[in-house]
Amino acid sequence: LDNFPSPSLRRSQTQTNHMEVSAWHFAPKSEPAKVRAVREECFLSFYGPGGLATPDDVEALESCQDGYRSGGVEWNDISRGMTREPEVKDEEQMRAFWRQWREQLSPQRKVVA
């Protein structure tokens, strides 16, 4: 049994201070009803509004926004591992995400960073 269903998340910023998060998961069409019920429960327990994943992410994003509103630093420092071959604990995955995000918003612009 797959306790960690394959999620698809959509985060939509509806205002400068508001974001909506929607989540879906994929399951085999022919899955027995009992197995599907367990899969859905596992999904909600982890990704749902009272689960371990999404509320944690939302809390982190809200904390960042509170910090930005207070003034001072205008960006997050995600430079860990930039001067060497990346390790699991480094922040390369975050830099890759933001490079791709910037490229998607500005497809005509070549991203160098």
- List the pairs whose first member sits in region 78-99 and is more than 19 Å from residue 64 (Cα to Cα), whose second member is acidic (Asp, Glu) and in a helix (DSSP H, G or I), and whose Cβ atoms are under 9 Å apart, counting only residues at least 6 apart or on separate chains? 81/92; 82/92; 86/92
- Message: Return the residues of region 37-76 that are surrounded by 13 or more Cβ atoms within 10 Å (Cβ to Cβ) and among the basic types (Lys, Arg); say none if nothing qualifies.
- Response: 39
- Name the pairs whose Cβ atoms lie under 6 Å apart, with the first residue in region 27-52 and assigned by TED's automatic domain parsing to the domain that holds residue 8, the second at pLDDT 85 or above and surrounded by 14 or more Cβ atoms within 10 Å (Cβ to Cβ), and 6 or more positions between them or separate chains? 27/39
- Note on the structure: Within region 1-21, of all residues that are surrounded by 10 or more Cβ atoms within 10 Å (Cβ to Cβ) and of a type in the set (Gly, Ala, Ser), the one farthest from residue 101 (Cα to Cα) is 6
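The values are calculated or read from the model by the stated rules, or taken from the named source; none is laboratory data. Quick caveat, the model's predicted, so the values are computed rather than measured. Every residue, glycine among them, receives a Cβ derived from its backbone with ideal geometry; neighbour counts consider all protein chains shown.
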